1. Using a 7 Å offset from the Cα along the Cα-to-Cβ direction at both residue 69 and residue 263, what is the distance between the two label points in nm, to one decimal?
2. Compute the long axis of helix 68-83 from its Cα atoms, compare it with the longest principal axis of the Cα atoms of the chain, and write down the angle in degrees, 0 to 90, nearest 10.
3. Order these peptides, 279-285, 118-124, 366-372, by their mean beta-carbon neighbour count within 10 angstrom, highest first.
4. In deg cm²/dmol and to the nearest 500, what is the mean residue ellipticity at 222 nm of the chain if only DSSP H runs of at least 4 residues count, each as -39500 (n - 2.57), divided by the residue total?
5. I'd like the orientation of helix 212-227 relative to the chain: the angle between its Cα long axis and the longest Cα principal axis, in ° from 0 to 90, rounded to 10.
6. Given labels modelled 7 Å from the Cα in the Cβ direction, how far is it in nm from residue 359 to residue 146?
7. Could you order peptides 234-242, 144-152, 172-180 by the average number of other Cβ atoms within 10 Å of their residues, highest first?
8. Using 1/(1 + (r/R0)^6) with R0 = 56 angstrom and r between the beta carbons of residue 168 and residue 46, what's the FRET efficiency to the nearest 0.05?
């Protein structure tokens, strides 16, 4: 096994010419220009132009990395063809010919060029500027070493499809609450722009000011009419500012977020499931725990989980058992720890890791479904209360005018 799962930092775009006169454009990842040129020459082509990606300084840059759905499609297609006995080069050419998404098609063409030049698939994936997941690089390397590249990629495809299906299920569960929230905002903006101005005119020139609650609603409507169209921009800017300011304190913020009922525990359970499924697949493919664990840790988005699992890795390197270290550092939820300990005792750690991930995903999906079923009625009630508050405040104002007129 020669490939490294640590990707170089710079992407270089090139134009190169083959001896037969063909001119191609592509991208390579290398530490400097000389290394990038060597990679292009290794394809059997002569570099004509070579520059670092993004050197033009343009704000509008095209997406060059794979989306999750593109990764799922690529891995599944490659696994199916390899398991059917199709040679790797033929499989890459076939997938590239029928691919319609530009980023995935360009990546498949680059992989085909590198494999034809004699590189291993794992090496080509590791150097590709589309930044395929590190677990794909690692499993491709393990599959090449064992001669079981097709089955190994098939297992990865199943895992990616499971995660993609879970993400889509979560999006579907949250779609209706989001729709209700949008209707609430649109309704309030409609009241502010079309209803409240009609009542606002009633109080102009009156000697008696409107009641406080009526004045508040009318002033709020005037504010929304004047500044409402800037609110989305303000929200985006506020989110970006908060995100930038909070970056040094992400671990502390995540620790505080864990105290949020249901949401905190569900998020960490999903992170743990992702880690355990990745680690289980790497161990099943033949990786040693010491080498597989950093790759599995790299798929996590939680800085807090990464920190705790890094402490677990240190304990394991010092000679401790994985299950004991996880329990001591509280790096995973209790239900994961129990299955991990059973797996170590029975010698079935990879299968128990994958099993614990499946159980956690199913539990998280049920929790999110229940939460979405509860949030939607709450948002409808909130919308009704907001409309009721506007109507009542306006009626109070109109009644106060009647008292002035008929007193």
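Bear in mind these aren't lab numbers, they're just calculated from the coordinates by the rules spelled out. The shown structure was predicted, so the numbers you read here are calculated from the model rather than taken from an experiment. Cβ: placed from backbone, ideal geometry, glycine included. Neighbour counts: every protein chain shown.
1. Distance between the two pseudo-spin positions: 2.6 nm.
2. 30 degrees
3. Working: 279-285: 23.9, 118-124: 19.7, 366-372: 15.6.
Ranked by mean Cβ neighbours within 10 Å, highest first: 279-285, 118-124, 366-372.
4. Values: 17 runs with 285 residues, N = 407.
Result for the chain: -23500 deg cm²/dmol, rounded to the nearest 500.
5. Between helix and principal axis, roughly 40 degrees.
6. Here the answer is 2.4 nm between the modelled labels.
7. 144-152, 172-180, 234-242
8. Numbers: r = 45 Å, r/R0 = 0.81.
It comes out at approximately 0.80.
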